[in-house]
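Participant: Sending over a structure as structure tokens; questions will come in a sec.
The values are calculated or read from the model by the stated rules, or taken from the named source; none is laboratory data. What you see is a predicted model; the values in this text were computed from it and never measured. Heads up, the Cβs are rebuilt from the backbone with ideal geometry, glycines too, and the neighbour counts pull from every protein chain shown. Just the protein is used for accessible areas: all its heavy atoms, side chains included, with ligands, DNA and RNA removed. Shrake-Rupley method; radii C 1.70, N 1.55, O 1.52, S 1.80 Å.
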Amino acid sequence: MRLYWSPVELASRLARRGVRYNFASGAPDPGLLPINEIRRSFERIYEKYGAAVIAYPGAGGLRELRIELSRYINKALNIRVDWRNIIITAGAQHAIKILSQLLMRRRTIVYVENPTFVETIAPMKFQGARLIGIPMDDEGMNTHKLENLVRNYGPGIVYTVPNCHNPTGVSLSSDRKRHLLEIAEKHGLKIIEDDPYTSLYPNTGQTLKSMNNDVIYVGTLSKILGPGLRIGFVITSGKLRNDLEKIEQHDFAASTLTQYLVYDLLRRGVAYDVIQKAHELYPRKLRELIESLDEYLPSALMYRPSCGFYAFINTKVNAWNLLRRGIKQGILFVPGNKFFINENRPNTARLSIGSIGVNLIRDGIKVLSVIMNN
């Protein structure tokens, strides 16, 4: 299988040159990252655990972290879970990669939202999976279209970001969540739920995992405590859990040091403090983005975001050409063509509120509108 660069990575490389309006980065707001608390946690675990913080963590991850994560998952995500059913990974992307290795082979059918997050489908394509795109609207994946496609193509895996979707920002409605679970039970589908953003917004709706324990849940602390810590997790049970513990030993990718750090941060309540601040900041930033688009680019939004970091727009012209012009004006975004499954949509782009300051969003969209309309 041919490897290719993610457009997110290519745009991020351009960001290193310095831009004023960074709508490309999927990283969390730097003002929310608890850097001083991380320093305190480092000192605490060094004093308490010594050399153990740089030893091997054990299959499936550090026991102390898995226990503390089970409490966090119950409180922040309303998912009841035994700590033994939590497998620690080096971020959510690592979780998707090893799940792809275990569950997918050449021609395995994988149903995904269309558009979907380009970086998580890359390891699926590498395994040779056959991706089937499901149309979306402002209520998320069209589950009736999914059911029709399942009848045509047969059982397989559904990969979904049901809450605060990447790249569209929409959430799957309650009725469609229930319908998706019914379809999975009726047709023997496995569901992989990718959920980086639910805890960052108030009132985001239920996770699929909280509605049905058979769902394979992928979570992360990257958007809360910092992506460089590389701590994600999978919640599952039975044979798949055992297999994940075994395959995770192939690389021991999740650092013992950062696992101890995150354990201490969770135990001291730091994650909850960040979440409380996020509940105020991110909705404000997203509102600013939507209102700015409505004012300066009223026909651009392709979907109406409800939460998360992203909005997906129609750029009217080739987005890569637009990006080259935008960089000269200090603006950066991610062209959207590769977010689509078997479609050529070069006139699309993803805009992110993650890293950009709230005070820069309106001016940035105004600059983008000038470039797009000239």
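Participant: Out of all DSSP beta bridges in the chain, what portion is antiparallel? Express it as a percent rounded to 5.
Facilitator: For the chain, the DSSP antiparallel bridge percentage is about 50.
Participant: Among 281-292, 23-34, how do they line up by average Cβ neighbours within 10 Å per residue, starting with the highest?
Facilitator: Per-residue Cβ counts within 10 Å, averaged per peptide and sorted highest first, yield 23-34, 281-292.
Participant: Treating region 81-170 as a set of equal point scatterers at the Cα positions, no solvent, please give the Debye-formula log₁₀ I(q)/I(0) at q = 0.19 Å⁻¹.
Facilitator: One equal scatterer on each Cα of region 81-170 leads to -0.93.
Participant: Quick one: work out Rg over Rh on the C-alpha atoms of region 165-239, Rh as Kirkwood radius.
Facilitator: 0.98
Participant: Okay, moving on. Per-residue accessible area for Ile247 at 1.4 Å probe radius, Å² rounded to 10?
Facilitator: The value for Ile247 is about 20 Å².
Participant: Please report the accessible area of Asp251 (heavy atoms, 1.4 Å probe, ligands and nucleic acids excluded) in Å², nearest 10.
Facilitator: 80
Participant: With the cut-off at 23 Å, tell me which of the pairs Lys239/Lys338; Lys97/Lys190; Lys316/Lys366; Lys75/Lys145 have Cα atoms farther apart than that.
Facilitator: Beyond 23 Å: Lys239/Lys338; Lys75/Lys145.
Participant: Something else: Please get the size of the charge dipole for region 207-307, origin at its Cα centre, with Cβ charges of +1 on Lys and Arg and -1 on Asp and Glu, quoted in debye to the nearest 20.
Facilitator: Roughly 220 debye, rounded to the nearest 20.
Participant: Indicate the gyration tensor shape class of region 327-374 (rounded, prolate or oblate), computed on the Cα atoms with a ≥ b ≥ c the square roots of the eigenvalues: a/c under 1.5 is rounded; otherwise a/b larger than b/c is prolate and the rest oblate.
Facilitator: Oblate, since a/c reaches 1.5 and b/c is not below a/b.
Participant: What is the extension gain from Asn213 to Arg39, computed as 0.36 nm multiplied by their sequence separation minus the C-alpha to C-alpha distance, in nm to one decimal?
Facilitator: Gain on stretching Asn213 to Arg39: 59.0 nm.
Participant: When every alpha-carbon pair in region 5-129 is counted, what percent end up more than 26 Å apart?
Facilitator: 47
Participant: Report the dimensions of the chain along its three principal axes from the alpha-carbon atoms, largest first, rounded to Å.
Facilitator: If we take the Cα atoms of the chain, the spans are 60, 52, 39 Å.
Participant: Express the Stokes-Einstein translational diffusion coefficient of region 1-78 in µm² s⁻¹, to the nearest whole number, given a Kirkwood radius over alpha-carbon pairs, 20 °C and a viscosity of 1.002 mPa s.
Facilitator: Roughly 127 µm²/s, to the nearest whole number.
Participant: In the P(r) worked out for region 276-374, what percent of Cα pairs fall beyond 16 Å?
Facilitator: 53
Participant: What residues of region 16-50 lie in the reach of a label at Val317, counting those whose backbone N is under 20 Å from a point 7 Å from the Cα along Cα→Cβ?
Facilitator: 20-24
Participant: Then there's this: How big is the Kirkwood radius of region 197-239, worked out from every pair of different alpha carbons and given in Å to one decimal?
Facilitator: For region 197-239, the Kirkwood estimate is 11.8 Å.
Participant: Sorted by accessible area with a 1.4 angstrom probe, largest first, how do His94, His279, His144, His250 fall?
Facilitator: From most exposed to least exposed: His250, His144, His279, His94.
Participant: Shifting gears a bit: At 222 nm, what value in deg cm²/dmol follows for the chain if DSSP H runs of at least 4 each add -39500 (n - 2.57) and the sum is divided by all its residues, to the nearest 500?
Facilitator: So the calculated ellipticity at 222 nm is -14000 deg cm²/dmol.
Participant: Further question on the same structure: Among the trypsin sites (Lys or Arg not before Pro) in region 58-127, which ones are in a DSSP loop with at most 14 other Cβ atoms within 10 Å of the Cβ? Mind listing them?
Facilitator: Listed in order of number, the matching sites are Arg80, Arg105, Arg106, Arg107.
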